[in-house]
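Structure, as structure tokens:
The values are calculated or read from the model by the stated rules, or taken from the named source; none is laboratory data. Keep in mind the model is a prediction, meaning the values are calculated, not measured. Cβ coordinates were reconstructed from backbone atoms using ideal geometry, including for glycine residues, and neighbour counts include every protein chain displayed. The protein model used for the area step is the full one, side chains on, heavy atoms only, and it has no ligands, DNA or RNA in it. Shrake-Rupley method; radii C 1.70, N 1.55, O 1.52, S 1.80 Å.
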Amino acid sequence: MASTTAQSNLLSSPFPRRRSSSAISTTSLRRHLPVPAPSLHRGGRGLSVSAVQQSSPKPTVLVAEKLGEAGLDLLKSFANVDCSYGLTQEELCSKISLCDALIVRSGTKVGREVFESSAGRLKVVGRAGVGIDNVDLSAATEHGCLVVNAPTANTVAAAEHAIALLAAMARNVAQADASLKAGKWKRSQYVGVSLVGKTLAVLGFGKVGSEVARRAKGLGMHVIAHDPYAAADRARAIGVDLVSFDEAITTADFISLHMPLTPSTSKVLNDESFAKMKRGVRIVNVARGGVIDEEALVRALNSGTVAQAALDVFTKEPPSPESALVLHENVTVTPHLGASTVEAQEGVAIEIAEAVVGALKGELASTAVNAPMVPAEVLSELAPFVVLSEKLGRLAVQLVAGGSGVKSVKVTYASARSPDDLDTRLLRAMITKGLIEPISSVFVNLVNADFTAKQRGIRITEERILMDGSPENPLDFIQVQIENVESKFASAISEVGEIRVEGRVIDGIPHLTKVGSFQVDVSLEGNLILCRQVDQPGMIGSVGSILGEQNVNVSFMSVGRIAPRKQAVMAIGVDDEPSKETLKKIGEIPAVEEFVFLEL
Ligand SMILES: NC(=O)c1ccc[n+]([C@@H]2O[C@H](COP(=O)([O-])OP(=O)(O)OC[C@H]3O[C@@H](n4cnc5c(N)ncnc54)[C@H](O)[C@@H]3O)[C@@H](O)[C@H]2O)c1
Ligand SMILES: O=C(O)[C@H](O)COP(=O)(O)O
């Protein structure tokens, strides 16, 4: 018995794969291109569904900003690497159609035009760092392009930079340095303020924010934090109280910003919030320039509401040389250096190179930004159900009669597990892939499955049935129903009038176990002939011998019937595609009422 294999990658890969013909019926049979035989296995980090083919051409990775050597070496071992720094948008757009992956830092805008210019070749964008605000995630998703980042390797560097700016600002280090170098000795002008005993409000208590908090505690500061999504116990564990936004900004002597730039954090520090702050507050920003209304900050600095600011990031980078904010005497600035340590850049380069190579192999990256992150252990147990899901989708859609538009699909998962313990996103994506690929030219993957279904007006609803029994097995069966359509194989219509196919995993192999109201049991390997006939002796032999005469190998055969000598549905698994002539002969058996050939 063949082992379970993933029929295709969950993520787009540059490797050749088969495309499906749109109308697969008894009259229109076409051979598909050979299928790569990817296997499901665990990757280095997180799960993987890979399809590396020895004979495939090497993918091309465009590295658009400086990346550490260790990362480049890793990329070069797998791909052709084009290091082209400082490209204009036009140059980037014209190069991108030759590239499978693009690696950037924060200095390259990867907007919609980049994805459009790639004409479908770009499969992964790697952001060598944390912030992905320079990448148009919606456009990436719509184009089925995975975006991965390197979220951990520069955390400490950013936190250290925030602390460096905090201390430098409080003691006027930059201003005093410039003054002394200009030949002045102004000791009384640069009297600073102490940090010990002061209240620091950390806004955004994530990776960087919590590291800043930990370090500030070590400096003897009283640290509070505001983060609507952070766990209070995690904050308490390092002696930090989580407070409301207003409490944070009204009680702080120092405010350090560590949230991402999103529509809800854009200009979160503005005239209104500055007005609520303690007079003489000091602000550090190593997050993103856009979280501060920079003009409002200049006003607050001029009025003395804000005594000082230390900024590593700006709304527009680089900022204008005439920027009133940058030139302000009470502002200390650095040119986005938060992540710029030797150690962090080495770590980021390796982290992003691993993620990009993994994604090009079709692995699900653990740092995917626009696709579900599925832990390795979850994937390994769902692996055969992933295959089953795609095949049920493929079967169901091939049963739809021409002219019936697929609009509404209901998926039922029967499981003894509580819904919280069963992550079906992967399964839904694969069902969607199976449903859409045979009827379109769109390549569907985990990234764009939901988007593609929505775009095609296909509504996929999910239902869970809680079964008795051991929750050890993730799923008992999966059922796919296509509603309000006609079928080219009438027996596939269930008693409630929908095309229905149902499957289970038996001994690790996906099986088709129900078609319409008929129970069958056929392993989902190779291709399938479904045949409805009058239940009478000799039918299996008649069909079997026609296939045998034509050298078509039967892998499985199963008959489901309503009652003896009434109608029965025969499901026949075939390794090879029968010729039109062979199928015609099956159709001519007098007891055969209808039949259909389906590609899996
Ligand atoms: N200057 C640099 O070179 C540099 C380096 C690393 C990270 N960064 C930036 O620092 C920021 C934080 O990075 P991280 O790795 O800690 O990210 P993270 O995702 O670990 O943490 C961000 C935190 O912000 C919180 N948050 C979201 N919306 C919020 C809101 N409205 N109010 C308060 N908190 C909110 C989130 O819940 C999360 O806990 C990002 O903007 C990142 O781009 C800059
Ligand atoms: O988001 C980040 O990781 C930092 O802002 C670092 O950006 P950089 O890679 O451009 O230094």
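List of remarks:
- Size-normalised alpha-carbon gyration radius of segment 479-536, reference 2.2 N^0.38 Å: 1.16
- Model label sites at Lys410 and Lys278, defined 7 Å from Cα along the beta-carbon direction, differ in position by 6.1 nm.
- Helix-derived mean residue ellipticity, 222 nm - over the chain, DSSP H n ≥ 4, -39500 (n - 2.57), to 500: -8500 deg cm²/dmol
- Accessible area of Leu219 in the full protein assembly, 1.4 Å probe (Å², nearest 10): 70
- Cα gyration tensor shape of segment 133-291, rounded if a/c is under 1.5, else prolate or oblate by comparing a/b with b/c: prolate
- Principal-axis tilt of helix 376-398 within the chain, Cα atoms, nearest 10 degrees: 50
- Gyration tensor (alpha-carbon) shape descriptor, the chain, a/c threshold 1.5: prolate
- All lysines inside 23 Å of Lys109 as judged from Cα atoms, apart from same-chain residues fewer than 8 positions distant: Lys66, Lys95, Lys123, Lys267, Lys316
- Karplus-derived 3J(HN,Hα) values for segment 108-118, using 6.51 cos²θ - 1.76 cosθ + 1.60 with θ = phi - 60°, are 10, 7, 10, x, 3, 5, 5, 5, 5, 5, 6 Hz; glycine and proline are entered as x.
- For segment 198-206, backbone phi angles converted through the Karplus equation (6.51, -1.76, 1.60; θ = phi - 60°) give residue-by-residue couplings of 7, 8, 10, 9, 9, 9, x, 9, x Hz, Gly and Pro being listed as x.
- Between segment 71-147 and segment 483-512, the alpha-carbon centres lie 41 Å apart.
- The accessible surface of segment 495-542, taken with every protein chain in place and a 1.4 Å probe, is 49 percent carbon and sulfur.
- In the chain, the sites counted are GluC sites (Glu not before Pro) in DSSP loop states with at most 15 other Cβ atoms within 10 Å, and the longest stretch holding none of them, exclusive of the sites, is 1-321.
- Mean separation of Cα contacts under 8 Å (6+ apart) over length of the chain, as relative contact order %: 14
- Three-way shape call for segment 460-561 based on the alpha-carbon gyration tensor, with the a/c threshold at 1.5: oblate
- Accessible-area value, Arg428, 1.4 Å probe, nucleic acids and ligands omitted, Å²: 50
- For Ile103, the residues 5 or more places off, or on other chains, whose built amide H falls under 5 Å of its own are Leu62, Val63, Ala64, Gly126.
- Exposed loop sites, defined as chymotrypsin sites (Phe, Trp or Tyr not before Pro) outside DSSP H, G, I, E and B with at most 16 other Cβ atoms within 10 Å, are absent from the longest region of the chain, namely 230-600.
- Other-chain or far-sequence residues with amide H under 5 Å of Val520's (modelled H): Lys514, Val515
- Across segment 138-155, coupling constants 3J(HN,Hα) worked out from phi with the 6.51/-1.76/1.60 Karplus curve, θ = phi - 60°, read 5, 5, 4, 4, 4, 8, x, 9, 6, 10, 10, 10, 10, x, 10, 5, 10, 4 Hz, and Gly and Pro carry x.
- Counting only protein heavy atoms and a 1.4 Å probe, segment 529-582 has 48 square angstrom of accessible area per residue.
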